[in-house]
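No value in this document is a laboratory result; all are computed from the given coordinates. Because the structure is predicted, anything quoted here is derived from the model rather than measured. Cβ: placed from backbone, ideal geometry, glycine included. Neighbour counts: every protein chain shown.
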């Protein structure tokens, strides 16, 4: 679709959440949307995948989109990858944020005694107490006792409580008074915890500084609670788009709202922003 490359002064960062934004619930995407994302990438805009997925679950999607972005943000900002200049299909961990999750794990366990616990460590390995079904977690997994999770440097903590309905789970989480961590609650009784101050926005801010792209030339789209910080940060100067199925809390921090993922809302938003290319 893109015949020419944009001038350096016109380059944008196009920060895209994956699940519920680019991807349908079955992890597929609309071919026309994929073509639009490739067109922006080939025109010289910096497409930055920004997801809560692990590295293992993110890079195959990058391959399926047939793009070679310089930067990829995984694990809700705790892991930022940079493409290896000597091997365009290879990525290295450029920035990794981690914390000792002992206190938070013990606090949560005292409130959620039947929960399943896991931590993702700095090398990408996923340690878990009981199996956690999700296709977005690392491939390298190892079952351990709860005590073996203590003292580990974690890029994120995952807590799943199958015995709780979401509303009850939210009430328990609010009562815990978690401090020195950032957390997001999923659509099910799922808690994703990151180091304090680490989120998609903090990672994207670093990437924008490294690329020398002004915030007025940042486009971001997302649909979940873990996108709130990113959308709020972008909305101050750039173009922050909430998907149509997002909650009111997510929509409130965005610059605008597009259609749902089923309606291919991201494609409409990209065409609106980049009308000259798409």
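Descriptive notes on the structure:
- Between helix 55-65 and the chain: long-axis angle, C-alpha atoms, 0 to 90°, nearest 10: 20
- DSSP-defined antiparallel bridges as percent of all bridges, the range 169-247, nearest 5: 55
- Largest GNM mean-square fluctuation across 78, 240, 189, computed for the chain with C-alpha springs under 10 Å, falls on 189.
- Reducing the range 18-42 and the range 185-209 to their Cα centroids gives an inter-centroid distance of 21 Å.
- Value of D in µm² per second that Stokes-Einstein yields for the chain, Kirkwood Rh from Cα pairs, at 10 °C (1.306 mPa s): 83
- Extension gain, residue 25 to residue 110: 0.36 nm times the residue separation minus the Cα-Cα distance gives 27.3 nm.
- Ellipticity at 222 nm from helices only: DSSP H runs of n ≥ 4 in the chain, each -39500 (n - 2.57), divided by the residue count, give -8500 deg cm²/dmol.
- Each principal axis of the Cα atoms in the range 99-195 has its own extent, and those three values, largest first, are 33, 27, 21 angstrom.
- Largest first, the extents of the alpha carbon coordinates of the range 1-74 on the three principal axes equal 35, 23, 17 Å.
- A Förster distance of 35 Å, applied to the separation of the beta-carbon atoms of residue 140 and residue 166, puts the FRET efficiency at 0.75.
- Considering only the chain, percent of DSSP beta bridges that pair antiparallel, nearest 5: 60
- Normalised by the number of residues in the range 99-195, the mean separation of alpha-carbon contacts (under 8 Å, six or more apart) gives a relative contact order of 30 percent.
- Residue among 144, 113, 181 with the largest mean-square fluctuation in a Gaussian network model of the chain, springs linking Cα atoms under 10 Å: 113
- For the range 220-270 and the range 88-110, distance of Cα centres in Å: 26
- Gaussian network model of the chain, Cα within-10 Å springs - most flexible of 209, 39, 87: 87
- Relative contact order [Cα under 8 Å, 6+ residues apart], the range 1-159, whole percent: 19
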